[in-house]
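The next block holds one structure in the form of structure tokens; read it before the comments.
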Amino acid sequence: KVLQKFPPMLHKWFLQHFSEPSTWLEARLKFSRSCAVWSVCGHIVGLGDRHGENVLIDSSTGDCVHVDFSCLFDKGLALEKPEVVPFRLTQNMIDAMGVSGYEGVFRKSCETTLKVLRSNADTIQCVLQTFLHDPLVEWSGGAHGALNPSSGDNTYAREAMANIASRLAGVVVGVNANP
């Protein structure tokens, strides 16, 4: 009922801002591709809190741009109403991708992004290892995996890194997930 009251309008924004056919096509392709890259990368690192104010569009190129990364490493799963979707993909975003919707450029770009991330999983894990030794401030105390002063171990960081490794391996993790 809600979706019918608010029909997709993003395609009209692209028509208004990119009136030349070649720039219109280029902007929509950039939007679809960048949306796919952000979606897959965000899913892998457990990026939450994706809503209309955190998913923006570069008005000069059509690129999808994400902001506000304070809800990383599956922090969205611990909210009062857990975020159970891997990424935000609204009917408006799908509408902006053209006639093929998410089955065209978006899907292919998601597959390519995931393939690149998986082929570089060791490098990604190596870069993220710094969080084990220099954890986020919120990981250094509290009930959800505080830093163990005797060993320097951080269980929350280890859990976050294990979730990222699992996602890179194709395992579904999250709320009510059955790996």
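The values are calculated or read from the model by the stated rules, or taken from the named source; none is laboratory data. A quick note: this is a predicted structure, and the numbers were derived from the prediction, not measured. Cβ coordinates were reconstructed from backbone atoms using ideal geometry, including for glycine residues, and neighbour counts include every protein chain displayed. Accessible surface areas use protein heavy atoms only, side chains included; no ligands, DNA or RNA. Shrake-Rupley method; radii C 1.70, N 1.55, O 1.52, S 1.80 Å.
Just in region 1-96: which GluC sites (Glu not before Pro) are loop by DSSP and have at most 12 other Cβ atoms within 10 Å?
Within region 1-96, the qualifying GluC sites (Glu not before Pro) (loop, at most 12 other Cβ atoms within 10 Å) are 53, 80.
Treat every Asp and Glu Cβ in region 19-97 as -1 and every Lys and Arg Cβ as +1, leave all other atoms uncharged, and give the resulting dipole magnitude about the Cα centre to the nearest 20 debye.
Once rounded to the nearest 20, the dipole reads 180 debye.
Go through the chain and flag any cysteine with no other cysteine's C-beta closer than 4.7 Å, please.
Cys with no partner Cβ under 4.7 Å: 41, 71, 110, 126.
If I take every Cα pair under 8 Å that is 6 or more residues apart in region 1-98, average their sequence separation and divide by the length, what percent do I get for the relative contact order?
Taking the mean separation of contacting Cα pairs over the length of region 1-98, I get 37 percent.
Once both axes come from the Cα atoms, what is the angle between helix 105-119 and the longest principal axis of the chain, in degrees from 0 to 90, rounded to 10?
Taking the Cα atoms of the chain, the angle to 105-119 is about 30 degrees.
Taking Cα atoms, how many degrees apart are the long axis of helix 21-44 and the longest axis of the chain, rounded to 10 and kept between 0 and 90?
So the helix axis and the longest Cα principal axis differ by about 20 degrees.
Run the dipole for the chain about the Cα centre, Lys and Arg Cβ at +1, Asp and Glu Cβ at -1, nothing else charged, and hand back the magnitude in debye, nearest 20.
Here the chain has a charge dipole of around 600 debye.
Leaving out ligands and nucleic acids, and using a 1.4 Å probe, what accessible area per residue does the chain come to in Å²?
Accessible surface, normalised per residue, equals 61 Å².
Averaging sequence separations of C-alpha pairs under 8 Å and six or more residues apart, then dividing by the length of the chain, give the relative contact order as a whole percent.
That works out to 22 percent.
Sort 71-78, 40-47, 13-20, 107-114 for me by packing, meaning the mean count of neighbouring Cβ atoms within 10 Å per residue, highest on top.
Highest to lowest by the protection proxy: 40-47, 71-78, 107-114, 13-20.
Which distance in nm do the two modelled labels at residue 122 and residue 68 give, with both placed 7 Å along the Cα-to-Cβ direction?
3.9 nm
Just to be sure I understand, if you calculate Cα extents along the principal axes in Å for this structure, which of (i) 46, 38, 36; (ii) 63, 37, 31; (iii) 49, 35, 32 do you get?
Step by step, Cα extents along the principal axes in Å for this structure corresponds to label (ii).
If the cut-off is a Cα-Cα distance under 13 Å, which aspartates and glutamates reach residue 30, setting aside same-chain residues fewer than 8 apart in sequence?
Excluding near neighbours in sequence, the set is 58, 63.
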